[in-house]
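The values are calculated or read from the model by the stated rules, or taken from the named source; none is laboratory data. Given the structure is predicted, the values throughout are model-derived calculations rather than measurements. Here the Cβ positions follow ideal geometry from the backbone for every residue, glycine too, while neighbour counts run over all protein chains shown.
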Amino acid sequence: MTEGRQRTDEPIEQRVAAERDETFVVFHIGLRINAFWKLHRWIPLFLVAPRMVRELLADPDSGLLESRTVVGPGIRNVGFVQYWDSFEALRAYARDSDRLHFPAWQEYYDTGTKDDAAVGIWHETYVVDPDKYETVYNNMPPHGLAAGEGTDIVPASEQQHTAAGRMGRTDGTDSPLQSTE
């Protein structure tokens, strides 16, 4: 249905699912402000993080498929949910001294994180096989994995109708809801 799409806020007015034929990576990364008054510790990270995302999105060969900003709970937590085409692409970006991440990473550790817990950082990395996930979007613009480059958007009908069907565990007729579809 859709491949190589442009970012849009227009909803796809039907139930759809995202499909990828290759392994991909889901990467969650964020920061937590532990001491709001120590602006010099957290503002640099707060400002460079969106610049990193823009840097990656501007480079079609970076390996970043999609990135969403997540705030909360209580404004002290800011993070990103990202989809990457491979762990190798993610790792290459993280270690590239010519890109924004590596110098920011070095600065964070050089400015005394052992002695000052004013800001915390975290990340989680999940490598996902193409037959080990499911998605559904109803009346949504391309979002999450569905917004990623190289991801197909397909109708969530027949076997794609239920989560278990999208996971290949049923034929998709196992919905507990009465549907007119």
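Taking segment 25-64 as the region of interest, how many residues are loosely packed, with under 13 Cβ neighbours inside 10 Å, hydrophobic (A, V, I, L, M, F, W, C) and under 12 Å from residue 100 (Cβ atoms)?
Residues flagged as loosely packed, with under 13 Cβ neighbours inside 10 Å, hydrophobic (A, V, I, L, M, F, W, C) and under 12 Å from residue 100 (Cβ atoms) within segment 25-64 amount to 2.
Kindly evaluate residue 53 against the criterion of being modelled with pLDDT of 90 or more, of a type in the set (A, V, I, L, M) and assigned to a strand (DSSP E or B).
Considered against the rule, which asks whether it is modelled with pLDDT of 90 or more, of a type in the set (A, V, I, L, M) and assigned to a strand (DSSP E or B), residue 53 comes out as no.
Sort out for me the strands (runs of 3 or more DSSP E) sitting completely within segment 72-181 that have 3 or more residues that are crowded, with 17+ Cβ neighbours inside 10 Å and touching a residue at least 12 places away in the same chain (Cβ under 8 Å).
77-84
Among the residues of segment 38-48, which ones are assigned to a helix (DSSP H, G or I) and either closer than 12 Å to residue 118 by Cα or in contact (Cβ under 8 Å) with a residue 40 or more places away in the chain (or both)?
39, 40, 41, 42, 43, 44, 45, 48
Does residue 113 satisfy the condition of being within 23 Å of residue 30 (Cα to Cα), more than 26 Å from the chain's Cα centre (by Cα) and β-branched (Val, Ile, Thr)? Steps first, please.
Numbers: within 23 Å of residue 30 (Cα to Cα): yes; more than 26 Å from the chain's Cα centre (by Cα): yes; β-branched (Val, Ile, Thr): yes.
Here the answer is yes, as residue 113 does meet what is asked.
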